[in-house]
Amino acid sequence: MRTISGLGPVLVAIRFRDEQDAVPIANGTPYGLAAGAWTSNLGRSLRLAHNLHSGQVFVNNYGAGGGVELPFGGVKGSGHGREKGFEALYAFGALKTVAIKHGL
C-alpha cells in the first residue's frame with residue numbers, strides 16, 4: 001500500500017444492497033468529516049442525514065462548508081468541535097445554571 005502525504009478528497013465506492021446495508025458500511029470508517037447521498041426519496045434522505053456519523057451530510061449535492069452561518073467540522077478521526085456559526089462560539093464560554101428561591 002502506498003502512502004501519500006497531504007489531504008485531499010477521497011471517494012470510496014463499495015457495493016451495497018439497500019439502505020440498511022449502506023449505513024453501517026458508511027459509518028464503519030474512523031473518519032467523519034462529510035458524507036453524501038443521492039436519492040429522490042425524502043424520507044430516506046432524512047433517515048440518512050440522521051444516521052450517518054459525520055459532521056456534515058450533503059443530500060443530492062456535495063460541497064465544502066457553505067456560508068459562515070453553517071457550522072463546519074467532523075467527528076471521530078476527522079476532528080472535534082465546530083468552526084463557523086454560533087456553535088463555534090460555544091467553545092469560548094461555559095454554561096452555568098443558577099437556581100434562586102426568592103422569598104419564603
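Laboratory data are not the source of any read-out in this text; all were calculated from the coordinates shown. All values reported here derive from a predicted model rather than from experimental measurement. So basically every Cβ, Gly included, is an ideal-geometry build from the backbone, and we count neighbours across all protein chains shown.
Here are the numbers for this structure:
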read-out: Approximate spin-label separation Val10-Val59, in nm, with each point projected 7 Å along Cα-to-Cβ; value: 2.7
read-out: Förster radius 35 Å - calculated FRET efficiency between Glu83 and Ile25, Cβ distance, rounded to 0.05; value: 0.80
